[in-house]
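Following: one structure in structure tokens, then a few remarks.
The values are calculated or read from the model by the stated rules, or taken from the named source; none is laboratory data. Quick caveat, the model's predicted, so the values are computed rather than measured. All Cβ positions, glycine included, derive from the backbone under ideal geometry; neighbour counts span all protein chains shown.
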């Protein structure tokens, strides 16, 4: 059960009226489609803390999970794509893959939560449209949205609107007591009053000032009050949406950082990523892991970073803006650019390491690092590399988009290329389309024809995985043209095998067979045995579709020998499953059952839910053919659930099969 809410204050001060209003709303009869509650107010007023605290207080109302997403309305790379949020939510429910199209992903999210009681916090929303796609629609659900703007479209849709205002002086004083102790406050009431006044009722400003005072237990509070006076006076002419108090507090806290912490703060403000780890921060600022970890902890202690758990940190929007401004004001532009490039090279190197472990057969291409990358993880287990991809997918996309924006063409296409294992195993369709499109444009800009061919092939694979067969054929055809122009026989074979699968999916068996046979000649000539095995699988599938059981078994059995020789267990199991289907079509039920059960167990072991689902589907067909209606229904249902977990288009076919089963 997901519990994704970020840490909340142990005790939320001064928000009793707002909490009571939210409670009254929850206790009222639920509207159709679930509740949507909008908290609005200025930056730094504590909307997120209020929303998170209230949802935690009412957690018992949401037995099916609490979800969280930062919609990043003011992030440097722009607001979060709703498809990315839906992907994270659906994966938390065990659905490993997400449709590429927003309307399909949103429909799957609504279906997955239709009978669930969930609480959702959508933090820092940019527009009503961004939020609408993420609403679950279940009557028992509650979605809390925070935004600096009113999002009138949501209120017109029926959302309850709850303004969050400034806190009063008494609450601000109590907050200081909570942070620095009653004795220090009582000893310098005049200074406390000045601090409270200059923080202007904004909790973020008060927390930043309190962190400064707490870190200096022997310094009089009057020193902080004076520092705030100077900064607020200096910033008075720069009032931006009431943020002067926060900026003054940030400047006062920043100026007491030591040189290393101050530089890291400025560097982090330049980066395109929204979350930081000791590895990425250390790479960007050229610090050791130990120093990066210590400095991140120090910045979090000064309330300049928010700790997210699992060693990850992020900025509040206003703090990020401040850090970026300080870097641009104090560091030469080339130093800021170098820090961004170092973090880009860090992610490229880490992705390449994961690629080498997960897909050793994927042709390694050049990696143009500006300097040797720092703190590159050394993966020893495939599951660890896949977990890293899953955690870092948003940061990888942020780096890739930023590289494309900066016209760093080599970094753009190389990172898109290195992310291929993530696309194949985790199947984030929307990310694959975007990254390969950016990678293709970058490769073409610098005349990297092999990279261009790779991007075209990957775009074809992604469209096929998303069920867009004709689109995939078009991309593979373009990849074939490029491979022929540059004389790349292995690349030509990859384009041909992609075209063969697309033509088979379209029912064009003769064309599919011709493509596979043409590629087979190419890859046998260059000694690419794994590729030869893949082509024999394709030919076996075509023979099975054509009811030529003897040819299918011959091709697939030879493919199993090829894959065994090169140590590719995943492909061994896939060929075994397809051979089991060929036996099934020929009425050789004992051999079909043995192959399909063996393949199913293998796919469980290697973590391949899509092919596990397919094996179980064919076992269901076997049970139906043998007249065991109950067993076939059980297997079709299990297959449907697995397909649904990876957002496979096959769920439509399985749903139809279940509906067509005769009643017992």
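Yes/no per residue for (1) outside the structural domain of residue 75 (by TED's automatic domain parsing); (2) touching a helix residue (DSSP H, G or I) at 6+ places or on another chain (Cβ under 7 Å); (3) buried (at least 22 other Cβ atoms within 10 Å of the Cβ):
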| residue | (1), (2), (3) |
| --- | --- |
| 100 | no, yes, yes |
| 104 | no, no, no |
| 111 | no, no, no |
| 120 | no, no, yes |
| 127 | no, no, no |
| 135 | no, no, yes |
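Can you confirm whether residue 459 is closer than 17 Å to residue 362 by Cβ and either touching a residue at least 12 places away in the same chain (Cβ under 8 Å) or over 17 Å from the mean Cα position of the chain (by Cα) (or both)? For residue 459, the condition - closer than 17 Å to residue 362 by Cβ and either touching a residue at least 12 places away in the same chain (Cβ under 8 Å) or over 17 Å from the mean Cα position of the chain (by Cα) (or both) - is met. Residues considered: 300, 385, 290. Of these, the only one that is crowded, with 20+ Cβ neighbours inside 10 Å and part of a helix (DSSP H, G or I) is 385. Please work out if residue 160 is touching a strand residue (DSSP E or B) at 6+ places or on another chain (Cβ under 7 Å), within 25 Å of residue 19 (Cβ to Cβ) and surrounded by fewer than 22 Cβ atoms within 10 Å (Cβ to Cβ). Yes: the conditions hold for residue 160.
For region 329-346, the candidate set comprises residues that are closer than 20 Å to residue 254 by Cα and surrounded by 14 or more Cβ atoms within 10 Å (Cβ to Cβ); within that set, the residue that is farthest from the chain's Cα centre (by Cα) is 331. Screening residue 431 with (1) crowded, with 22+ Cβ neighbours inside 10 Å; (2) within 21 Å of residue 535 (Cα to Cα); (3) touching a residue at least 24 places away in the same chain (Cβ under 8 Å) gives one miss only, at (2).
Regarding residue 495, is this residue touching a helix residue (DSSP H, G or I) at 6+ places or on another chain (Cβ under 7 Å), over 19 Å from residue 459 (Cα atoms) and either crowded, with 16+ Cβ neighbours inside 10 Å or modelled with pLDDT of 95 or more (or both)? Before you say what the answer is, go through the steps one by one.
On the way: touching a helix residue (DSSP H, G or I) at 6+ places or on another chain (Cβ under 7 Å): yes; over 19 Å from residue 459 (Cα atoms): no; either crowded, with 16+ Cβ neighbours inside 10 Å or modelled with pLDDT of 95 or more (or both): yes.
No: the conditions fail for residue 495.
One residue is enough: does region 51-59 have a residue meeting the conditions closer than 15 Å to residue 119 by Cα, in contact with a helix residue (DSSP H, G or I) (Cβ under 7 Å, 6 or more places away or on another chain), surrounded by fewer than 19 Cβ atoms within 10 Å (Cβ to Cβ) and at pLDDT below 95? Yes, that holds for at least one residue. Looking across 49, 8, one residue alone is in contact (Cβ under 8 Å) with a residue 12 or more places away in the chain and part of a helix (DSSP H, G or I). It is 49.
Go through 366, 356 for me and flag whichever is modelled with pLDDT under 95, assigned to a loop (DSSP other than H, G, I, E, B) and out of contact with any strand residue (DSSP E or B) (no Cβ under 9 Å at 6 or more places or on another chain).
Exactly one of 366, 356 is modelled with pLDDT under 95, assigned to a loop (DSSP other than H, G, I, E, B) and out of contact with any strand residue (DSSP E or B) (no Cβ under 9 Å at 6 or more places or on another chain), namely 366.
Do we have residue 319 as buried (at least 16 other Cβ atoms within 10 Å of the Cβ), outside the structural domain of residue 409 (by TED's automatic domain parsing) and part of a helix (DSSP H, G or I) here? Considered against the rule, which asks whether it is buried (at least 16 other Cβ atoms within 10 Å of the Cβ), outside the structural domain of residue 409 (by TED's automatic domain parsing) and part of a helix (DSSP H, G or I), residue 319 comes out as yes.
Taking residue 63 as the residue in question, decide whether it is on the phi < 0 side of the Ramachandran plot, surrounded by fewer than 20 Cβ atoms within 10 Å (Cβ to Cβ), at pLDDT below 90 and assigned to a loop (DSSP other than H, G, I, E, B). Can you show your working first?
Numbers: on the phi < 0 side of the Ramachandran plot: yes; surrounded by fewer than 20 Cβ atoms within 10 Å (Cβ to Cβ): yes; at pLDDT below 90: no; assigned to a loop (DSSP other than H, G, I, E, B): yes.
Criteria not met by residue 63.
If you go through region 303-316, how many residues are in a loop (DSSP other than H, G, I, E, B), within 20 Å of the chain's Cα centre (by Cα) and under 19 Å from residue 249 (Cα atoms)? Break it down stepwise before answering.
First pass over region 303-316, keeping only residues in a loop (DSSP other than H, G, I, E, B): 303-305, 310-311, 315-316.
Now restrict to residues that are within 20 Å of the chain's Cα centre (by Cα): 310-311, 315-316.
The next check asks that each one be under 19 Å from residue 249 (Cα atoms); those that pass are 315-316.
Going through region 303-316 one residue at a time, the tally reaches 2.
Surrounded by fewer than 17 Cβ atoms within 10 Å (Cβ to Cβ), assigned to a helix (DSSP H, G or I) and at pLDDT 95 or above, is that true of residue 444? Taking the combined requirement at face value, the residue satisfies it. Within region 89-98, the residues that satisfy the criterion of being surrounded by 21 or more Cβ atoms within 10 Å (Cβ to Cβ) and assigned to a helix (DSSP H, G or I) are 89, 90.
Among the listed residues 410, 339, 403, 398, which satisfies the condition of being closer than 27 Å to residue 91 by Cα, modelled with pLDDT of 90 or more and in the same structural domain as residue 424 (by TED's automatic domain parsing)? First the steps, then the outcome.
Values: 410 fails: closer than 27 Å to residue 91 by Cα; 339 fails: closer than 27 Å to residue 91 by Cα; 403 fails: closer than 27 Å to residue 91 by Cα.
Criteria check complete, one pass: 398.
Yes/no matrix, rows are residues, columns are (1) under 36 Å from the mean Cα position of the chain (by Cα); (2) within 17 Å of residue 575 (Cα to Cα); (3) not assigned by TED's automatic domain parsing to the domain that holds residue 585:
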{"position": "506", "(1), (2), (3)": "yes, no, yes"}
{"position": "509", "(1), (2), (3)": "no, no, yes"}
{"position": "514", "(1), (2), (3)": "no, no, yes"}
{"position": "518", "(1), (2), (3)": "no, no, yes"}
{"position": "522", "(1), (2), (3)": "no, no, yes"}
{"position": "532", "(1), (2), (3)": "yes, yes, no"}
{"position": "537", "(1), (2), (3)": "yes, yes, no"}
{"position": "541", "(1), (2), (3)": "yes, yes, no"}
{"position": "544", "(1), (2), (3)": "no, yes, no"}
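Selection of region 137-155 for residues being in a strand (DSSP E or B) and surrounded by 23 or more Cβ atoms within 10 Å (Cβ to Cβ) yields 142, 144, 145, 146, 147.
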